[in-house]
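To keep things clear, I will list the structure first and then write my remarks on it.
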Amino acid sequence: MRPGWRWIVPLSAVPVLVLLAYGFRLNPRDVPSPLVGRPAAPFSLTTFEGQPLSLADQRGKVVVLNFWASWCHPACYDEAPALERSWRGYRDRGVVVIGVDIQDTAEAARKFMSDFSLSFPNVRDVAGKVSVDYGVYGVPETFFIDRKGVIRAKHVGAVNDGVFRVEVERLLGEPA
Amino acid sequence: MALNVGLLPLVVAVFLAAMPVPTGRAATEATRGSAPVSDAEVHTVATQLRCVVCQSLSVADSPSQMAVQMRGIVRERLAAGETPDEVVQYFVDKYGEWILLAPPRRGFTLLVWILPPLAVLLGLAVTAQRVRVWSRPAATPPREPIDAAMRERIRKELETEQ
């Protein structure tokens, strides 16, 4: 073999190694949502109290749409107090928090809500249509929707007070 | 034994999910105008979609509740008159191309389709070239002319051997 060719075989492994090094550093949970920047899909569901609730009725408010499940431990349990606290702090400033319970039993969901004394409206997505409309692939996932009804941010994993404040303040600061 | 009975529904569910759907069967839960949506049509779309809560399973193959709901949505959209491609596109719009089990044959992911056959062709070419080199008879150095003294010496040695 000519001297130059001796390096071809080991060198051909370099691009493969670079690709693997890049790929294995990505978090498979960090799938960018194509929905950010697009209008939030409309939905009409029923709250646990039996009240109809539709997204269209919230127009003009900043909406924090949180997908959760009672079996989602510990992330949903971590964020529930933060969501309730933030909702109480912002409810008078034109912010509404809506919880969407998915792939859950009504009984377990009610226990979860009472354990955390959740006072913001919660609905059940029994058929999973709203979940798919929002491209949900796990819980918890939270969407921040501006006053014009456009999805502006998606947060995967537990929301804390800081995340809530930063996202909501940003949307409240925009002209209505 | 109690454990086995407890696992039975799961085993049955996995078994049923893994079973190929007979194409001739026209079991329907929803109807498209007058034309019913067959399980096979739902299956065809569902096999192209990634089960979002699973590892490397399609919506057709997963017994998870999310996949069951997604199959229901596929069936409903087909029944509403959408083509299979439109249903797939709906999921791509919501989840991005990540939802597709087969990477699209364009842009960066085109490499995934092109590189393996190219690598095979290259490998075959290199192998063929090496085989040709190895099977070629080794080049023999040109014979040196034998002078008279050497010829005499060989003759003597042959004689002494006999």
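Any read-out appearing in this document is the output of simple, stated calculations on the displayed coordinates, not a laboratory observation. A quick note: this is a predicted structure, and the numbers were derived from the prediction, not measured. Cβ coordinates were reconstructed from backbone atoms using ideal geometry, including for glycine residues, and neighbour counts include every protein chain displayed.
Values as computed for the structure displayed
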{"item": "Within straight-line cross-link reach of A:K111, lysines at Cα separation under 26 Å, skipping those fewer than 8 residues along the same chain", "result": "A:K129"}
{"item": "Pairwise FRET efficiency - B:Q65 versus B:E97, Cβ, R0 = 35 Å, nearest 0.05", "result": "0.90"}
{"item": "B:S58 long-range amide H proximity, modeled H, under 5 Å", "result": "B:C51"}
{"item": "Summed side-chain charge close to A:D78 - residues other than A:D78 whose Cβ falls under 15 Å, Lys, Arg +1, Asp, Glu -1", "result": "-4"}
{"item": "Karplus-derived HN-Hα couplings along the stretch B:42-47 (A = 6.51, B = -1.76, C = 1.60, θ = phi - 60°), whole Hz, x at Gly and Pro", "result": "4, 4, 4, 6, 5, 5"}
{"item": "Cross-link partners of A:K61 among lysines (Cα-Cα below 18 Å; sequence separation of 8 or more within a chain)", "result": "A:K148, A:K154"}
{"item": "Cα-centre dipole for the protein assembly as shown with unit charges at Cβ (Lys and Arg positive, Asp and Glu negative), debye to 20", "result": "1060"}
{"item": "Taking N as its residue count, the alpha carbon Rg of the stretch B:72-125 over 2.2 N^0.38 Å", "result": "1.63"}
{"item": "³J(HN,Hα) computed for each position of the stretch A:147-158 - Karplus, 6.51 cos²θ - 1.76 cosθ + 1.60, integer Hz, glycine/proline x", "result": "5, 8, x, 9, 5, 10, 7, 10, 10, 9, x, 5"}
{"item": "In order through the stretch B:65-81: 3J(HN,Hα) via Karplus (6.51 cos²θ - 1.76 cosθ + 1.60), integer Hz, x for Gly, Pro", "result": "4, 4, 5, 4, 5, 5, 5, x, 5, 4, 4, 5, 6, 5, 5, 6, x"}
{"item": "Least to most buried among B:C54, A:C72 (fewest other Cβ within 10 Å first)", "result": "B:C54, A:C72"}
{"item": "The protein assembly as shown - Rg and Dmax from Cα coordinates, angstrom", "result": "32.7, 122"}
{"item": "Long-range amide H partners of A:R152 with built H, under 5 Å", "result": "A:G37, A:F144, A:I145, A:D146"}
{"item": "Qualifying lysines (Cα of each under 17 Å from Cα of B:K156; at least 8 residues distant if same chain)", "result": "none"}
{"item": "Under 13 Å, Cβ to Cβ, from A:Q103 - net charge with Lys/Arg +1 and Asp/Glu -1", "result": "-2"}
{"item": "Charged-residue dipole, Cβ positions (Lys, Arg, Asp, Glu), the stretch A:1-134 about Cα centre, Debye nearest 20", "result": "720"}
{"item": "Approximate shape of the stretch A:116-165 as ellipsoid semi-axes (Cα gyration tensor, √5λ), whole Å, largest first", "result": "18, 16, 13"}
{"item": "Amide proton proximity set for A:V97, modelled H, under 5 Å, gap of 5+", "result": "A:V64"}
